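Novice: Structure incoming, see below.
The values are calculated or read from the model by the stated rules, or taken from the named source; none is laboratory data. As the structure is a prediction and not an experimental result, all values here were calculated from the model. No Cβ is skipped: glycine too gets one built from the backbone with ideal geometry, and neighbour counts run over all protein chains shown.
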Amino acid sequence: MSKEFGIVGGSFDPIHLGHLHLIKEISNRFEKVLVIPAGTPWLKEKPPVASAEQRFQMADLAVTSMGLSEKVEVLPIEARRAGNSYAIDTVTELKQIYPNTNFTLVLGSDAANNLGKWHRSKELLEQVKVLVIKRPGSQSSEYDEVSIKALDISSTKVRQSIAKRENVSSLLPAKVVTYIREYGLYGSR
């Protein structure tokens, strides 16, 4: 019997309650959800502010503090790999770690629309299923889609709020706020 795992990747710069809501909502569809912070996201215009290791640590803290650890695992696969982060390399590695497992890439509408630009995308799509989290007002994609009541939070908005010394406790888990302050991320010092 094959297991069904979901893969949620992203910059997570920082991971916020919107990400965690999505992860929790989709976790009942899979035996396990693997959260994978991107190491060096080559399609992003600007590099992440926090290091790959810091983004992995924050994601791990967030998942643990939200009590999601039983169904959700945060993996440092991309954070600890040198060079650009390519989903195809990550999936190849995951297939070795978790044999007899089917993987579904969970993407937002924006990412799904750009899937053709991904490194070796055709090969990637032969190895994974795709589940699109539909954004309100976004165009339909050619993949399976699900709508969840998404929270209106973006990492950009969170970083701006932190830089302005605004209270972000309604946007981030408390342990992530503590981590950000401890390391002086996003202008928090």
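Novice: Mind listing whichever residues of the range 102-161 are over 16 Å from R29 (Cβ atoms), outside any loop (DSSP other than H, G, I, E, B), over 15 Å from the mean Cα position of the chain (by Cα) and not basic (K, R)?
Specialist: Result: N113, L115, G116, S121, E123, L124, L125, E126, Q127, V158, Q160, S161.
Novice: List every residue pair whose Cβ atoms lie under 8 Å apart, where the two residues are 6 or more positions apart in sequence or sit on different chains, the first residue falls within the range 49-62 and is among the acidic types (D, E), and the second residue, located anywhere, is crowded, with 19+ Cβ neighbours inside 10 Å.
Specialist: Hits for this filter: E53/A79; D60/V74.
Novice: Out of all the residues in the range 34-50, is one or more surrounded by fewer than 20 Cβ atoms within 10 Å (Cβ to Cβ), within 16 Å of the chain's Cα centre (by Cα) and not in a loop (DSSP other than H, G, I, E, B)?
Specialist: So far as the range 34-50 goes, no, none of its residues is surrounded by fewer than 20 Cβ atoms within 10 Å (Cβ to Cβ), within 16 Å of the chain's Cα centre (by Cα) and not in a loop (DSSP other than H, G, I, E, B).
Novice: Hey, among the residues in the range 98-140 that are of a type in the set (K, R) and at pLDDT 90 or above, which one's farthest from Y86 (Cα to Cα)?
Specialist: Residue satisfying both the conditions and the ranking: K129.
Novice: Taking the range 36-45 on its own, how many of its residues are within 15 Å of D89 (Cα to Cα) and out of contact with any Lys or Arg (no Cβ under 7 Å at 6 or more places or on another chain)?
Specialist: Adding up the residues that qualify gives 5.
Novice: Right, something else. Does the range 162-189 hold any residues that are in a helix (DSSP H, G or I), touching a helix residue (DSSP H, G or I) at 6+ places or on another chain (Cβ under 8 Å), surrounded by fewer than 19 Cβ atoms within 10 Å (Cβ to Cβ) and free of Cβ contacts under 8 Å to residues at least 60 places away in the same chain, and which are they?
Specialist: Answer for the range 162-189, where residues must be in a helix (DSSP H, G or I), touching a helix residue (DSSP H, G or I) at 6+ places or on another chain (Cβ under 8 Å), surrounded by fewer than 19 Cβ atoms within 10 Å (Cβ to Cβ) and free of Cβ contacts under 8 Å to residues at least 60 places away in the same chain: A163, G187.
Novice: Show the residue pairs meeting these rules: Cβ distance below 9 Å; 6+ apart or different chains; first residue within the range 2-24 and closer than 21 Å to K46 by Cβ and at pLDDT below 95; second residue surrounded by fewer than 18 Cβ atoms within 10 Å (Cβ to Cβ) and charged (D, E, K, R).
Specialist: Pairs that qualify, where the first residue is closer than 21 Å to K46 by Cβ and at pLDDT below 95 and the partner is surrounded by fewer than 18 Cβ atoms within 10 Å (Cβ to Cβ) and charged (D, E, K, R), are S11/K44; G18/D152.
Novice: So, of the residues in the range 1-30 that are over 10 Å from the mean Cα position of the chain (by Cα) and among the acidic types (D, E), which turns out to be nearest to D152 (Cα to Cα)?
Specialist: This residue is E25.
Novice: Next question, about the same structure. When you check K117 against the structure, is it under 14 Å from L17 (Cα atoms), exposed (fewer than 15 other Cβ atoms within 10 Å of the Cβ) and among the charged types (D, E, K, R), yes or no?
Specialist: Answer is no for this residue.
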